[in-house]
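Peer 1: First the structure, which I've put down as structure tokens, then a few questions once you've had a look.
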Amino acid sequence: MLLMLFGLADRGIEVPPSAQAADLPWLYPASGQLTVPGSGALVGQSPAMPAACTNCYITKIVPDLVYMNDPLPLDNPNGATANYNNDTNDNVWLHHMVLLDLCTGSAPIFASGNERSVFQLPTGYGYYSGPGCSWIVSYHLHNQNPSPRNVALKLLITYETTAQTRVTPIWLDMKGIQSGSEYVAPLGYSDSHTGETGFAPDYAMPVQGRIVAMGGHVHDYGISVSAYNNRLGEWICTSKGGYGFGSRFLPTGGPDTPGHPAAATTETLNPAYHEPGGSPDNKYHIQSMTPCDLYSRNSVVCLNDVIRLHTQYNNADQFPIADAMGIMTMYVANTSTNPPGVPDADNDGIFDGCDSGDSDLDGFSDRVEFPVGTDSSRKCASNSLDDAWPADVNNDKFSDISDIVQIGSSFGKAVPPAPARRNIAPDPLDGFVDITDITKI
């Protein structure tokens, strides 16, 4: 459902060293099974269950739906992955699962669908699971086979026991999780967004910090889901659906503008996503979502930033899609955790990436220095590798023609692909290397 891959393309946060990781399977039910009726669905929610680990830092979650005590144990042994699995008699599959943490007011911390996308944080970051915490998992399972199938939900949890920089999950949902997350996508092309009538309001950020991982989810016929930061006037991420070659669910026909790609992506067929039968064959369902490429400027979120979610579908079916979804989740290192996960050079309670003050009095605000990658607490480099003063691009303790030459080598380019170190003006930054950067030297 959600692809959580990290993308810290440039500096801004000091990453703590990683500790030895441990893997732990977490099952629901812990014993027994869930029975999905033949040619039917099973929708439910678990009772509160002990978290996979406590006083630990979760860094990776690999989801699965596995057979457990199935009536056909030779075909479907305990622990075998349950999916369409090409032309077998399986045909039981995971519509979605959502993991909720009771220690954070039942906030969702992870979700996945039949594509089994993996939650993965960058090295040095973790989701903290505190002492005595409990989890709830909600689920929606389907069975295309006329006979009942017995399964269990499985999460393979990777965690650290030594301290990592903590992240806070921020759930973004076209309808809102309290409204079930599903909406109706009409026939043909549609571009819906939060803030429209019938959808959730735009989201006001409850924390300030840096997004270190983010991913998205759509259903069949979904092209993409995108998040837009109104303060920056910039797209944070566009995550596109991936479909097996030849899939009738692969949608095209978007406007091909930022945040609105013209088509989903085509990839090699994974037979596990082939649903046999049907006319035409309903094979090659959505298999993946593209990762979010996060860089220093678009990953900064400030308190009460307004985030708008856009979701594109191009529904080639004969009927509206009654269970369309558009969801993204951010994982944010922020000032609200203990200890804070992002710098605050002047200790005024404002994350450097959002602070218009100049803590080191070097002529550049903290909100410029953070995405540039310089130290907001020092105004002069101590060596050639010490990025302290934005105007001293080569860190030789002078701001002169050599720095202009470095900036000029990226003149006229956006950031990225140009290095963030060369976009030092205006304030706030514009994500473009041009004459304003040169005149700031």
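Throughout, read-outs are computed from the coordinates displayed, never taken from laboratory work. Remember, predicted model here, so these are calculated numbers, not experimental data. When we count neighbours, we look across all protein chains shown, and the Cβ atoms used for this are built from the backbone with ideal geometry, even at glycine.
Peer 1: If you bin the C-alpha pair distances of region 17-163 every 5 Å from 0, what whole percents do you get?
Peer 2: 2, 10, 19, 22, 18, 13, 9, 6, 2, 0, 0
Peer 1: Could you give the length gained on full extension between Phe432 and Asn383, defined as 0.36 nm per residue of separation minus the Cα-Cα distance, in nm?
Peer 2: Length difference between fully extended and current span is 14.9 nm.
Peer 1: Let me ask you something else. Under a 5 Å amide H to amide H cut-off, with H placed in plane at 1.01 Å, what residues pair with Asp202 once short-range neighbours are removed?
Peer 2: Excluding prolines and chain starts, which carry no amide H, the hits are Gly195.
Peer 1: Sticking with this one: Working from the alpha-carbon coordinates of region 165-342, get Rg over Rh, Rh being the Kirkwood radius.
Peer 2: 1.00
Peer 1: Restricting to region 165-342, compute how many DSSP beta bridges are antiparallel as a %, nearest 5.
Peer 2: Approximately 95 percent, going by the DSSP bridge assignments.
Peer 1: Here's a follow-up. Need the full-extension length gain, Ala204 to Asp396, defined as separation in residues times 0.36 nm minus the C-alpha distance. One decimal, nm.
Peer 2: Answer, rounded to one decimal: 65.0 nm.
Peer 1: Give me a comma-separated list of calculated 3J(HN,Hα) values for region 348-356, in order, Karplus coefficients 6.51, -1.76, 1.60 applied at θ = phi - 60°, integers in Hz, x for any Gly or Pro.
Peer 2: 9, x, 10, 4, 3, x, 10, 8, 7
Peer 1: Still on this structure, please answer the following. Can you give the Kirkwood hydrodynamic radius for the chain, in Å, rounded to one decimal and based on Cα pairs?
Peer 2: 23.2 Å
Peer 1: Under unit Cβ charges (Lys, Arg +1; Asp, Glu -1), what dipole magnitude, rounded to 20 debye, does region 348-441 have relative to its Cα centre?
Peer 2: 340 debye
Peer 1: Which residues' amide hydrogens lie under 5 Å from the amide hydrogen of Ser134, considering only partners 5 or more residues apart or on another chain, with H built in the peptide plane?
Peer 2: Ala51, Leu102, Cys103
Peer 1: Let me ask something additional. Going by a 4.7 Å Cβ-Cβ cut-off, which cysteines of the chain have no partner at all?
Peer 2: Result for the chain is Cys380, no neighbouring Cys Cβ within the cutoff.
Peer 1: Let me ask something else. Of Lys397/Lys440; Lys60/Lys240; Lys60/Lys175; Lys60/Lys413, which pairs sit farther than 25 Å apart, going by alpha carbon to alpha carbon?
Peer 2: Long pairs (Cα-Cα over 25 Å): Lys60/Lys175; Lys60/Lys413.
Peer 1: Could you please report the charge total around Asn338, scoring K, R as +1 and D, E as -1 over all other residues with beta-carbon less than 14 angstrom from its beta-carbon?
Peer 2: 0
Peer 1: A follow-up question, please. Taking a temperature of 37 °C and a viscosity of 0.692 mPa s, what whole-number D in µm²/s does Stokes-Einstein yield for region 86-193 with Rh from Kirkwood over alpha carbon pairs?
Peer 2: In µm²/s, the coefficient rounds to 195.
Peer 1: Under 5 Å between amide hydrogens, which residues at least 5 positions from Asp220 or on another chain qualify, with H placed 1.01 Å from N in the peptide plane?
Peer 2: Ile286
Peer 1: Comparing Pro417, Pro426, Pro131, which has the greatest mean-square fluctuation in the GNM of the chain with Cα pairs linked when under 10 Å apart?
Peer 2: Of the options given, Pro417 has the highest mean-square fluctuation.
Peer 1: Then there is this: Once every DSSP H run of n ≥ 4 in the chain is given -39500 (n - 2.57) and the sum is divided by its residues, what mean residue ellipticity at 222 nm do you get, rounded to the nearest 500 deg cm²/dmol?
Peer 2: That comes out to -1000 deg cm²/dmol.
Peer 1: Kirkwood Rh, region 348-441, all Cα pairs: how many Å?
Peer 2: 12.9 Å
Peer 1: What is the Cα convex hull volume of region 126-184 when expressed per residue in Å³?
Peer 2: Enclosed volume per residue, from the Cα hull, is 155 Å³.
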